[in-house]
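Q: The structure follows.
The values are calculated or read from the model by the stated rules, or taken from the named source; none is laboratory data. Being a predicted model, the structure only gives us computed values, none of them experimental. Reconstructed Cβ throughout: ideal geometry from the backbone, glycine too, with neighbour counts over all protein chains shown. Keep in mind that these areas ignore ligands, DNA and RNA; they rest on the heavy atoms of the full protein, side chains included. Shrake-Rupley method; radii C 1.70, N 1.55, O 1.52, S 1.80 Å.
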Amino acid sequence: MTASIIDGRAFADGLGRKIAGSIPIFEAYAGRRPGLAVVLVGTDPASEVYVRSKGRMARKLGMESFEYVLPETTTQDELLALVARLNADDRIDGILVQLPLPKGLDALAVVTAIDPAKDVDGLHPMSAGMLASGLPGMVSCTPLGCIMLLEATLGSLAGRDAIVVGRSILVGKPMAQLLLARDCTVTIAHSRTRDLPGKVAQAEIVVAAVGAAEMIRGEWIRPGATVIDIGTSRIERDGRKTLVGDVDFAGAVERAGAITPVPGGVGPMTIMTLMHNAVIAAHRRVGLPEPTWR
Ligand SMILES: Nc1nc(=O)c2c([nH]1)NC[C@@H]1CN(c3ccc(C(=O)N[C@@H](CCC(=O)O)C(=O)O)cc3)C=[N+]21
Ligand SMILES: [Mg+2]
């Protein structure tokens with residue numbers, strides 16, 4: 001069996017068109033466009049690329065983008081002061097602080113300082129708690145994009161056996177909560193899990209979010225399974241730099257029913273669900289009913 005390839009770029013483009021279409025309606029009501037603030041501390045080249053592409057996408061869809069690039073030497077207090085300013089700024093509906101932060105800065109303290117109404121990353125403990133409680137808070141962009149791809153591929157997820165490999169606050173934990181909310185039977189695996197190959201082999205849905213290049217081997221995959229690969233690692237192969245996921249794609253594509261590629265799978269969805277979250281936050285903040293484009 002050769003898996004069908006889940007085209008995240010095409011799906012993200014479609015979502016982007018719906019988001020763009022909703023913005024004039026928002027603007028007519030609110031007298032302004034939805035505003036997204038992205039904060040980068042330091043000069044990590046990969047992070048600079050992501051932050052720039054987030055700003056570009058926001059403008060392309062008709063939103064206002066506020067970009068803040070702070071020096072590596074920024075103190076905790078300076079960063080908290082910026083977050084307080086963004087919280088108080090009515091033009092800004094969503095705030096994303098790009099992670100990881102440089103050494104010496106406390107990411108959890110920064111994220112906790114963000115107004116939960118503007119927490120488009122779903123990282124605030126309030127957002128995590130609302131998700132776990134089944135309340136309508138902000139859901140982390142990457143897991144939200146994965147759920148959209150899974151539902152587009154499989155329809156109802158109810159009753160399916162799913163494994164999430166990885167337990168980070170940004171991805172693994174919210175992913176598991178979203179699957180659970182759709183009535184999957186969810187296993188969360190991590191670095192201390194025994195017999196990972198055996199557990200992966202039982203899953204109809206595999207979500208790989210470990211951040212280790214090609215760690216999930218193709219021969220572990222249950223025939224016909226749907227594989228969602230969240231990893232992006234830059235490696236050198238045959239003397240060339242390439243971007244690979246957490247899944248051994250060449251092996252997994254021979255067994256899976258459907259699989260996301262890297263690049264072109266989850267990555268483009270992550271950017272578009274950030275736009276989605278910013279527009280949802282904007283509607284909630286001005287008291288407009290949320291668009292139902294899903
Ligand atoms: N607070 C916070 N929230 C995040 O959501 C967040 C973050 N910090 N820090 C870094 C990670 C990483 N991330 C990606 C976004 C888009 C692509 C993406 O578009 N990838 C393209 C390829 C890009 C390339 O070629 O390098 C693709 O997979 O097709 C990848 C990774 C969001 N992150
Ligand atoms: Mg990808």
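Q: Out of the residues in the range 1-13 meeting the condition of being surrounded by fewer than 14 Cβ atoms within 10 Å (Cβ to Cβ) and modelled with pLDDT of 95 or more, tell me which one is farthest from A225 (Cα to Cα).
A: Start the filter on the range 1-13 by keeping residues that are surrounded by fewer than 14 Cβ atoms within 10 Å (Cβ to Cβ), which leaves 1-2, 4, 10, 13.
Now narrow it down to the ones that are modelled with pLDDT of 95 or more: 4, 10, 13.
Values: S4: 11, A10: 21, D13: 25 Å.
Selected residue: D13.
Q: Say whether the condition of being in contact with a Pro (Cβ under 8 Å, 6 or more places away or on another chain), surrounded by fewer than 18 Cβ atoms within 10 Å (Cβ to Cβ) and at negative phi is met by at least one residue in the range 14-21.
A: yes
Q: Among the residues of the range 107-125 satisfying the criterion of being open to solvent by less than 40 Å² (accessible area, probe 1.4 Å) and part of a loop (DSSP other than H, G, I, E, B), which is farthest from A181 (Cα to Cα)?
A: That would be I114.
Q: Among the residues of the range 207-225, is there at least one that is at pLDDT 95 or above, under 17 Å from D7 (Cα atoms) and in a loop (DSSP other than H, G, I, E, B)?
A: yes
Q: Ok, one more. Being at pLDDT 95 or above, open to solvent by 20 Å² or more (accessible area, probe 1.4 Å) and assigned to a loop (DSSP other than H, G, I, E, B) is the requirement here; does V262 meet it?
A: Values: at pLDDT 95 or above: yes; open to solvent by 20 Å² or more (accessible area, probe 1.4 Å): yes; assigned to a loop (DSSP other than H, G, I, E, B): yes.
Yes; evaluated as a whole, the condition is true for this residue.
Q: Among D238, D246, which is the only one that is acidic (D, E) and within 13 Å of ligand 2 (Cβ to nearest atom)?
A: Values: D238 fails: within 13 Å of ligand 2 (Cβ to nearest atom).
Being acidic (D, E) and within 13 Å of ligand 2 (Cβ to nearest atom) holds for just one of D238, D246, which is D246.
Q: Just give me the residues in the range 22-40 being in contact with an Asp or Glu (Cβ under 7 Å, 6 or more places away or on another chain), open to solvent by 10 Å² or more (accessible area, probe 1.4 Å) and not basic (K, R), in sequence order.
A: Within the range 22-40, no residue meets the criteria.
Q: Within the range 126-170, can you find the residues that are touching a residue at least 60 places away in the same chain (Cβ under 8 Å), within 22 Å of A256 (Cα to Cα) and not in a strand (DSSP E or B)? It would help to see each step written out before you state the result.
A: So in the range 126-170, the residues touching a residue at least 60 places away in the same chain (Cβ under 8 Å) come out as 138-139, 141-142, 144-146, 148-150, 152-154, 165-166, 170.
Narrowing further to those that are within 22 Å of A256 (Cα to Cα): 142, 144-146, 148-150, 152-154, 165-166.
Result: T142, L144, G145, C146, M148, L149, L150, A152, T153, L154, G166.
Q: For the range 62-102: of the residues being of a type in the set (S, T, Y) and outside any loop (DSSP other than H, G, I, E, B), which is nearest to ligand 2 (Cβ to nearest atom)?
A: First, the residues of the range 62-102 that are of a type in the set (S, T, Y): 65, 68, 73-75.
Now drop any that are not outside any loop (DSSP other than H, G, I, E, B), which leaves 65, 68.
Details: S65: 22, Y68: 26 Å.
Once the filter is applied, the top-ranked residue is S65.
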